[in-house]
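The values are calculated or read from the model by the stated rules, or taken from the named source; none is laboratory data. All of these numbers come straight from a predicted model, not from anything done at the bench. Here the Cβ positions follow ideal geometry from the backbone for every residue, glycine too, while neighbour counts run over all protein chains shown. These accessible areas exclude ligands, DNA and RNA; they are computed on the full protein's heavy atoms, side chains included. Shrake-Rupley method; radii C 1.70, N 1.55, O 1.52, S 1.80 Å.
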Amino acid sequence: MRLSRIVIRHFKAHAEIAFTIPKTDENRPGSANFVSIVGENNAGKSSILEAIHLACPGGETSVPLQEHFPYDVDQRRENPIEVEFHFDEIAEQDKLKHAIRNHVIDGVYRVKKLWVKPGAKPEHYVFAPQFTFPSLAGLKLREDIERNDEWRAVLKEYDLREKVTFTKMNKNITSDLEQIAIDIGAPCAVKGDSEWSPNPGGIRANLDTVLPRVIFVPAIQATGDVADVGKKQSTVRKIVNMMFEEQLADNEIVSAFR
């Protein structure tokens with residue numbers, strides 16, 4: 001999938017800034033899948049990159065520092081740091097991932113991370129349709145679901161996935177049945193409006209598995225630190241590792257070597 005838009009709120013001097021990453025267009029000479037940030041010194045260019053670095057996996061830290069919060073302490077809950085990503089051109093294999101499935105709206109997947117204070121771990125959110133399950137209320141036993149026309153197909157899919165048989169409902173089973181109902185488009189899953197929901201995929205780590213990895217090169221850094229492939233955190237080594245993992249791992253020669 002393609003990163004198409006980034007929105008940053010309440011990070012250093014940026015109350016809110018948003019920009020779109022253009023696409024390569026054969027009818028527009030010079031177009032490409034990248035965006036350049038140009039501005040005077042102290043205009044906030046590096047702050048944009050720092051915010052992206054903070055939000056994406058692969059950074060040395062995933063918690064904000066005191067210097068990242070430019071406003072009064074009492075305002076942090078009302079004005080937390082937010083970094084929001086939009087993705088388009090979602091591949092079919094991506095749509096199967098827990099953090100993404102059922103969260104793509106009009107071809108766009110929107111997620112964000114939020115921090116309320118220095119040192120805090122991020123809160124994860126996804127913009128997705130909300131569902132209600134009115135017919136599930138009052139169903140306490142498996143036999144109740146088996147007799148329910150709306151939920152019978154959901155129960156069958158549950159048995160195929162879990163390969164276990166339950167007799168009584170509990171919170172976990174209810175959650176699993178509701179997710180399956182959404183997955184298969186069962187009539188018992190009534191789709192409502194879309195809004196921000198916490199913790200996409202149910203596990204905090206799920207979101208980081210779909211976000212892009214970032215290689216961040218600070219403006220002031222010794223050349224040797226950047227170019228030394230022997231150093232674990234050097235930029236060159238990160239690039240080589242990424243090339244190998246993403247471009248060469250499936251090569252026939254590499255597979256034969258392994």
Worksheet entry | Output for the range 126-154, where each listed residue is open to solvent by less than 30 Å² (accessible area, probe 1.4 Å), among the β-branched types (Val, Ile, Thr) and under 30 Å from Pro80 (Cα atoms) | Val126
Discussion item. For the range 27-57, which positions are at pLDDT below 85 and within 19 Å of Glu123 (Cα to Cα)?
Written reply: Pro57
Practice prompt. Within the range 2-14, work out how many residues are modelled with pLDDT of 90 or more and open to solvent by 70 Å² or more (accessible area, probe 1.4 Å).
Written response: 1
Worksheet item: If you go through the range 78-133, how many residues are among the hydroxyl-bearing types (Ser, Thr, Tyr) and over 22 Å from Gly185 (Cα atoms)?
Response: 1
Worksheet item: Got a sec? Which of Glu157, Glu123, Glu84 is in contact (Cβ under 8 Å) with a residue 24 or more places away in the chain, of a type in the set (Asp, Glu) and buried (at least 19 other Cβ atoms within 10 Å of the Cβ)?
Response: Glu84
Practice prompt. Please tell me if Gln93 is surrounded by fewer than 18 Cβ atoms within 10 Å (Cβ to Cβ) and within 20 Å of the chain's Cα centre (by Cα).
Written response: yes
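How many residues, within the range 20-34, are open to solvent by less than 70 Å² (accessible area, probe 1.4 Å) and touching a strand residue (DSSP E or B) at 6+ places or on another chain (Cβ under 6 Å)?
1
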Worksheet, complete the sentence: The strands (runs of 3 or more DSSP E) lying wholly within the range 80-141 that contain at least 2 residues that are among the acidic types (Asp, Glu), closer than 20 Å to Phe19 by Cβ and touching a strand residue (DSSP E or B) at 6+ places or on another chain (Cβ under 9 Å) are 81-88
